[in-house]
1. What number of residues within region 104-161 are of a type in the set (Gly, Ala, Ser) and touching a Cys at 6+ places or on another chain (Cβ under 7 Å)?
2. Any residue that is under 21 Å from GLN48 (Cβ atoms), under 13 Å from the mean Cα position of the chain (by Cα) and among the small types (Gly, Ala, Ser) - is there at least one of those in region 115-128?
3. Name the single residue that is nearest to CYS205 (Cα to Cα) among those in region 55-79 being crowded, with 24+ Cβ neighbours inside 10 Å and in contact (Cβ under 8 Å) with a residue 40 or more places away in the chain.
4. Go over the candidates LYS156, LYS101, LYS148 one by one and state the one that is more than 16 Å from the ligand (Cβ to nearest atom) and surrounded by fewer than 23 Cβ atoms within 10 Å (Cβ to Cβ).
5. So, of the residues in region 174-194 that are within 19 Å of ILE214 (Cβ to Cβ) and not in a loop (DSSP other than H, G, I, E, B), which turns out to be farthest from the ligand (Cβ to nearest atom)?
6. Search region 194-209 for residues that are more than 12 Å from PHE84 (Cα to Cα) and pair each with any residue that is within 10 Å of the ligand (Cβ to nearest atom) and of a type in the set (A, V, I, L, M) when their beta-carbon atoms are under 6 Å apart and the residues are at least 6 apart or on different chains.
7. Can you work out which of the residues in region 126-145 that are within 16 Å of the ligand (Cβ to nearest atom) and outside any loop (DSSP other than H, G, I, E, B) is farthest from VAL7 (Cα to Cα)?
Amino acid sequence: MNFIFSVNFPYKHFTTTKSAGDMKNKVERDSLFRSIGLNPENLVLANQVHGSAIKIVKRCDKNTFIDNCDGLITDDKNLLLGIFTADCIPILVSCNNDEVKAVVHVGWKGLYLGIVESVIGILINGFCISSKSLKVYIGPHIRSCCYKTGIEMEDKFNVKLANGKLNLSAIVRAKLESCGVNKIFDVNQCTCHNEQLFFSYRRDCCTDRLLSVI
Ligand SMILES: [Zn+2]
């Protein structure tokens, strides 16, 4: 199996699995895209930095990496947006019958810096989209079954750790709901847990990355 996706999330999207290979490798990535009839030249990627910056991308950005950001938004239907992960949360957003879409890389730092509120704010205020029409996909990531963290996370996120473990997706969900977003589709997969399917930085200290695309 090369992909997983949410059957309920309405837009064309996927997250690669281990068997698709390291998606940071351009040769492997391009060959995967061609095998499913997608033109890899239409893809826009980010040089992710665990920050909270979001960039709006246009046709002229196709086939490039955008520097210093962890989120991409476009209203160009021909573009594909992608985000690399190996334990952090890949978030995909589709709006207004898929006229506008976004990808976001969310680790604890970006979450703390407000990247989730930031992308939703840009979509609502910059693109005049109603929060009710936003649909959000939460891809495979390290979940509360495996994500042991320091106690300082309790203050950062105003939560209680359960057995020393942080529930990132619960925080994402609460932030989305506070922005008025209620169409949330979580694939409920843990990257650290499922060694067969996913790369996990926490488990393997690997440099291989999964790719989520919308
Ligand atoms: Zn787990």
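Nothing in this text is a laboratory measurement; each read-out follows from the coordinates by a stated rule. Just so it is clear, the model here is predicted, and its values are computed rather than measured. Cβ coordinates were reconstructed from backbone atoms using ideal geometry, including for glycine residues, and neighbour counts include every protein chain displayed.
1. Residues flagged as of a type in the set (Gly, Ala, Ser) and touching a Cys at 6+ places or on another chain (Cβ under 7 Å) within region 104-161 amount to 3.
2. no
3. So the residue we want is ASP70.
4. Just a single option satisfies the conditions, and that option is LYS156.
5. LYS183
6. Taking only residues 6 or more apart or on different chains, the pairs are ARG202/ILE142.
7. In this case the residue turns out to be HIS141.
To keep it simple, each residue is scored yes or no on (1) hydroxyl-bearing (Ser, Thr, Tyr); (2) touching an Asp or Glu at 6+ places or on another chain (Cβ under 9 Å); (3) touching a residue at least 24 places away in the same chain (Cβ under 8 Å); (4) under 23 Å from ASN194 (Cα atoms).
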{"site": "TYR137", "(1), (2), (3), (4)": "yes, yes, yes, yes"}
{"site": "HIS141", "(1), (2), (3), (4)": "no, yes, yes, yes"}
{"site": "ILE151", "(1), (2), (3), (4)": "no, no, no, no"}
{"site": "PHE157", "(1), (2), (3), (4)": "no, no, yes, no"}
{"site": "ALA162", "(1), (2), (3), (4)": "no, no, no, yes"}
{"site": "SER169", "(1), (2), (3), (4)": "yes, yes, yes, yes"}
{"site": "ARG173", "(1), (2), (3), (4)": "no, yes, yes, yes"}
